[in-house]
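**Student:** Pasting a structure below so you can have a look.
The values are calculated or read from the model by the stated rules, or taken from the named source; none is laboratory data. Nothing here was measured: the structure is a model prediction, and the numbers come from that model. A quick note on method: Cβ atoms are made from the backbone with ideal geometry, for glycine too, and the neighbour counts reach across all protein chains shown.
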Amino acid sequence: MVEVKNLVKKYGDMLAVDDVSFTAETGEILGFLGPNGAGKSTTMNIITGYISSSSGTVTVDGCEILDDPVGAKSKIGYLPEIPPLYIDMTVRKYLEFMFNLKKVTLPKKEHIDEVCAVTKIKDVQNRIIKHLSKGYKQRVGLAQALLGNPPVIILDEPTVGLDPKQIIEMRSLIKGLGKKHTVILSSHVLSEVQAICDRIIIINRGRLVADSSTSELSQTLSKSNCIVLRVVGAPTGVLSALRAVEGVYRVEKGLRVSDNCYEYEVYSEKDKDPSRAIFYAMAKNNTPIVLMRGNELSLEEAFLKVTKSEPAPKEKGGKR
Amino acid sequence: MCAVIKREIGAYFSSAIAYVVMAVFFLFSGLYFREMLMFDSSSFAYLVLSPMFMIMLFILPILTMRLLSEEIRQKTDQALITAPVSIWQIVLGKFLAAEVILLCCMAVFIPMVIVIAAFTAPTWGIIFCTLIGMFLLGSAIIAIGVFISSLTESQVVAAVVGIAVGMFIYMLDNITSGVQVEFIKNIVSSISFMTRYSNFTSGMLNIADVVFFLSVIGLFLFFTTRVIDRKRWS
C-alpha cells in the first residue's frame, strides 16, 4: 500500500533521514518509533507530500508522490503533529471546508456526520475550534484525516498531550481504523506502539534500526532464557541449589529485597525451561520462592538496546 | 480552489478585516465624491476614481497580509499542501478571495454613478475604462501582497512590507523625476503604476496597460507558488 524506498532528506549538511526503506501492507498498523528528533515527522511529511525528499521514492497505492502528487495525496489522510486547524472556524465548518478541499465525492452531510460519530465530536460540532480542549482538537484533526475514507491514514504522535482516558480512547479508535485502512503512526511512547501496532519500525538519527512485528522484536532482542526469582533463605544455599538444576548455566545474585530475601537471575540454555526444576529444587532446599517471572525484554529495553548499539553518526537528525 | 476561495471569504467576513478595509474604502471614496459634488464638477473619473490610487495602495496590503502568513504560523499549510490540490490552486484561491473583497469595495461606485446619472449624462466610456483600470490595479497590488504574505510568518511584517512597497510604488514617479538619464526615465515610466493608471482615468484603454497589470499579477502569483514550493525542497 505504502512503499518507501531509499528515502534521504538533507537539510543543508544535516542528514535528517538517511536511506530509509519500508513498506506498509493493507490493513496493517505500522508503528514508527524513535526518540525525539529521530526523523519520524520528516519521514511522514515526505510520505504525505508536505516536503520533498532529497532522494528516494514514496509510492502510495501505485501513485508516486512526486510524479502524481494529487493522486497520491487523495489516498492519504494525514494528522500532523500539530493538527492543522483553522481556529476561528466551527468544527462543522472546518470539516466541510476540508471535505471540499479534498474533493470527496461521498454524500457530504452523511459522511461528515459519520466521521464525527467515529471520532466522537458530534456534541462540539458547532463550537469554535479555538475554544476546544487539546483532546478535542486532536480528535477534530483526526476527523479531518478520515474525511473521504482514504486507504492510508498517517498519524504523527496522535496521543501527545491527551489525558490517560483520552489516550485509551484514541488507541481503541486507531485500532478500529486498522481494520479498514493502512495506518502509519509515530510515537515516542513505546507502550503505546506495543499496544496498537502490528509491526514496528524503529528509527534513530534518521536511520532505520529495526523493522519487525511487535512480538518478534521483543523476542529477538530478549536475552537468552532468563528467569528472575525472589527466594527467601540464605543466599549461599540458594545459589548452590540453583546451580545444581539441570539446564542452568549461570546464576547471579541480585538485589536484596528484604531480610533474608534476595533476587536471583537464572540463565538457562535456550529452548529449555528450568522453572519447574527450580521450583522442586527450592522446595527441597526449604527456601520458598516468593516470585518467579520470565525476563522477556520489554519494548522499552529493546528500544534502548537497539538505539544504543547504533554508532552515532556525525550528522545530527533535525526536526521540522 | 473553490473550497479555498469560500473559506477565505468566510474568514474575511468573520474577522474585522473585510469590514475595516471596506469602511476605509467607502469613507475615502465618499469624501472624494462629496468634494466632487461641492465643486460642481462633472468629472467623476478624474476627481473620485483617480485619487483612489493612493488609498488602494495603502489598504489592500491589509487585505492580503494574513492570507499565507497565518497559514504558515498556524501550520494549517500542512492541511492545504497535503490535500489533493496543486499549489497553483491554493494561491489562486487566496488571490481570488481577496479579489472578491476588492469588488465589494468597488461596489460603492454603483450608487455614486446612479446619482450622477440622475442629474447629468456621465461620460460612460471614461468611467468604465477607469473602473477596469482600478480593478486591474487593485488585483496587481493584491498579487504583490499575496507574494509578500508568503514570505513571512507574521501578519504585521507582511502588512508593513506591503504598505512600504505601496509607498514605493506611489512615490516612484517623484523619486525619479529629478533623474536626467533618459534610459532610467524610460524604465521608470514603463513600470510606473501611476502612469499606467492615469491612462485609464483619462479614458484610454491601452492593451499595453492591461497586459502590464496582468503580467504583474501573473508574475507575483507565480513567485508565490515558487516560494511555497521552495520551502518543500529546502
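**Student:** Residues that are crowded, with 21+ Cβ neighbours inside 10 Å, at pLDDT 85 or above and within 24 Å of A:Leu304 (Cα to Cα): does the stretch A:211-225 have at least one?
**Tutor:** The answer is no; no qualifying residue exists.
**Student:** Quickly run through the stretch B:202-234 and pick out the residues that are aromatic (Phe, Trp, Tyr), under 30 Å from A:Ile51 (Cα atoms) and at pLDDT 90 or above.
**Tutor:** Of all residues in the stretch B:202-234, those aromatic (Phe, Trp, Tyr) come to B:212-213, B:220, B:222-223, B:233.
Those still in the list that are under 30 Å from A:Ile51 (Cα atoms) too: B:220, B:222-223, B:233.
Of everything in the stretch B:202-234, those that are aromatic (Phe, Trp, Tyr), under 30 Å from A:Ile51 (Cα atoms) and at pLDDT 90 or above turn out to be B:Phe220, B:Phe222, B:Phe223.
**Student:** Can you tell me which residue among A:Glu81, A:Glu110 is crowded, with 18+ Cβ neighbours inside 10 Å, more than 17 Å from B:Ile9 (Cα to Cα) and charged (D, E, K, R)? Spell out how you get there, then give the answer.
**Tutor:** On the way: A:Glu110 fails: crowded, with 18+ Cβ neighbours inside 10 Å.
The unique qualifying residue is A:Glu81.
**Student:** Sticking with this structure for a sec: Among what's in the stretch A:75-95 and is within 31 Å of the chain's Cα centre (by Cα) and assigned to a helix (DSSP H, G or I), pick the residue that is nearest to the other protein chains (Cβ to nearest Cβ).
**Tutor:** Among those that are within 31 Å of the chain's Cα centre (by Cα) and assigned to a helix (DSSP H, G or I), it is A:Tyr94.
**Student:** Restricting attention to the stretch B:180-201, does a residue exist that is at pLDDT below 85, within 14 Å of another protein chain (Cβ to nearest Cβ) and surrounded by 12 or more Cβ atoms within 10 Å (Cβ to Cβ)?
**Tutor:** No; the residues of the stretch B:180-201 include none that is at pLDDT below 85, within 14 Å of another protein chain (Cβ to nearest Cβ) and surrounded by 12 or more Cβ atoms within 10 Å (Cβ to Cβ).
**Student:** Another one. Looking only at helices (runs of 4 or more DSSP H) that fall completely inside the stretch B:1-90, which ones have 1 or more residues that are within 11 Å of chain A (Cβ to nearest Cβ) and buried (at least 18 other Cβ atoms within 10 Å of the Cβ)? Before the answer, list the steps.
**Tutor:** Values: elements: B:2-14, B:17-38, B:52-64, B:69-74, B:77-81.
The qualifying helices (runs of 4 or more DSSP H) are B:2-14, B:69-74, B:77-81.
**Student:** Among (1) touching a helix residue (DSSP H, G or I) at 6+ places or on another chain (Cβ under 9 Å); (2) in a loop (DSSP other than H, G, I, E, B), there is one condition A:Val140 misses while meeting the rest; what is its number?
**Tutor:** The failed condition is (2).
Quick grid of which residues meet (1) under 25 Å from A:Ile196 (Cα atoms); (2) in contact with a strand residue (DSSP E or B) (Cβ under 7 Å, 6 or more places away or on another chain); (3) assigned to a loop (DSSP other than H, G, I, E, B); (4) more than 9 Å from chain B (Cβ to nearest Cβ):
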| residue | (1), (2), (3), (4) |
| --- | --- |
| A:Asp19 | no, yes, no, yes |
| A:Phe22 | yes, yes, no, yes |
| A:Pro35 | yes, yes, yes, yes |
| A:Thr42 | yes, yes, no, yes |
| A:Asn45 | yes, no, no, no |
| A:Ser52 | no, no, yes, no |
| A:Val58 | yes, yes, no, yes |
| A:Ala72 | no, yes, no, no |
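**Student:** I'd like to check something: does the stretch B:112-132 contain any residue that is part of a helix (DSSP H, G or I) and within 14 Å of another protein chain (Cβ to nearest Cβ)?
**Tutor:** Quick first cut of the stretch B:112-132, residues part of a helix (DSSP H, G or I) only: B:112-119, B:124-132.
Checking which are within 14 Å of another protein chain (Cβ to nearest Cβ) leaves us with none.
The answer is no; no qualifying residue exists.
**Student:** Residue check, A:Ala117 against (1) facing chain B (nearest Cβ under 9 Å); (2) hydrophobic (A, V, I, L, M, F, W, C); (3) out of contact with any strand residue (DSSP E or B) (no Cβ under 9 Å at 6 or more places or on another chain), all met but one. Which one?
**Tutor:** A:Ala117 satisfies every listed condition except (1).
**Student:** Could you tell me how many of the residues in the stretch B:123-154 are more than 21 Å from B:Ser192 (Cα to Cα) and crowded, with 20+ Cβ neighbours inside 10 Å?
**Tutor:** Our first condition is that a residue be more than 21 Å from B:Ser192 (Cα to Cα); within the stretch B:123-154, this holds for B:123-125, B:127-128, B:149-154.
Subset that is crowded, with 20+ Cβ neighbours inside 10 Å: B:127, B:149-150.
Summing the residues that are more than 21 Å from B:Ser192 (Cα to Cα) and crowded, with 20+ Cβ neighbours inside 10 Å in the stretch B:123-154 gives 3.
**Student:** Tell me the residue from A:Leu101, A:Leu95 that is at pLDDT 90 or above, surrounded by 23 or more Cβ atoms within 10 Å (Cβ to Cβ) and within 16 Å of B:Ile87 (Cβ to Cβ), please. Can you show your working first?
**Tutor:** Values: A:Leu95 fails: within 16 Å of B:Ile87 (Cβ to Cβ).
Criteria check complete, one pass: A:Leu101.
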